[in-house]
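Novice: Take this structure first; my questions come after.
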């Protein structure tokens, strides 16, 4: 009998996309299940109020609830470190481990690990965010030696509305940024319905799609001792190690 693997996932409260997508990805691995805990996030902007949503105390309280379910690993399925700075996620995973005794990862740390594994330094960025948030993400990647060679953003700040963006529109944006010949495209937001597009976009462009819902699951599986390559049909990233 396959040992159960329980993935604990921290979720923005207004997100409706990542839970069904994450559950579908987890279902590709025998004995694996995903379990979710929410904390309040309704707006993505650089305002003090919006930035305050990502205070560690709120995230740690949600992580403690996941620990009650005896999950094997905890992942923050959110991209706030893109504009807050990558160190914020490094601190967060340390604090989750200290508080719960459970290993942790995040969407952005896993994305950055994947790019390091593949030597990716030319990235295309697709997000629903506003221009100032997008620029902060671009600047933070430049600071670690990754150049965003093409980007598209939709100027939305209401988190709930990100999931309303039609996959066809996202696919069109991916094809637009592919023209700059990046080494990878990231759909940088866990409330986009982009992950299922990976196989088709990769076949059409020859460029890997690193969706942040998918990178979270890749990181969770790795941290939980499972082989991400068991996930098939969701893009080439799951074969990277």
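The values are calculated or read from the model by the stated rules, or taken from the named source; none is laboratory data. Worth saying up front: this structure is predicted, and the values here are computed from it rather than measured. Note: ideal-geometry Cβ built from the backbone for every residue, glycine included; neighbour counts use all protein chains shown.
Novice: Restricting to segment 201-220, give me the number of residues that are touching a strand residue (DSSP E or B) at 6+ places or on another chain (Cβ under 9 Å) and surrounded by fewer than 24 Cβ atoms within 10 Å (Cβ to Cβ).
Specialist: Result for segment 201-220: 5.
Novice: Residues of segment 106-119 being crowded, with 18+ Cβ neighbours inside 10 Å and touching a residue at least 60 places away in the same chain (Cβ under 8 Å), which ones? First the steps, then the outcome.
Specialist: First, the residues of segment 106-119 that are crowded, with 18+ Cβ neighbours inside 10 Å: 106-112, 114-115.
Listed by number, the residues that qualify are 106, 107, 108, 109, 110, 111, 114, 115.
Novice: Limited to segment 184-200, what total is found for residues that are over 20 Å from residue 233 (Cα atoms) and surrounded by fewer than 24 Cβ atoms within 10 Å (Cβ to Cβ)?
Specialist: Within segment 184-200, residues that are over 20 Å from residue 233 (Cα atoms) and surrounded by fewer than 24 Cβ atoms within 10 Å (Cβ to Cβ) number 0.
Novice: Another question about this same structure. Select from segment 1-22 the residues that are touching a strand residue (DSSP E or B) at 6+ places or on another chain (Cβ under 9 Å) and over 22 Å from residue 161 (Cβ atoms) and list them in ascending order. Before the answer, list the steps.
Specialist: As a first pass, look at segment 1-22 and keep what is touching a strand residue (DSSP E or B) at 6+ places or on another chain (Cβ under 9 Å): 2, 4-15, 18-19, 22.
Of everything in segment 1-22, those that are touching a strand residue (DSSP E or B) at 6+ places or on another chain (Cβ under 9 Å) and over 22 Å from residue 161 (Cβ atoms) turn out to be 2, 4, 5, 6, 7, 8.
Novice: Let me ask something additional. Out of (1) under 21 Å from residue 72 (Cβ atoms); (2) out of contact with any helix residue (DSSP H, G or I) (no Cβ under 8 Å at 6 or more places or on another chain); (3) surrounded by fewer than 18 Cβ atoms within 10 Å (Cβ to Cβ), what's the single condition that is false for residue 223?
Specialist: That leaves (3) as the condition not met.
Novice: Please go through segment 154-170 and pick out each residue that is at pLDDT 95 or above, surrounded by fewer than 17 Cβ atoms within 10 Å (Cβ to Cβ) and more than 16 Å from residue 18 (Cβ to Cβ).
Specialist: 155, 166, 168, 169
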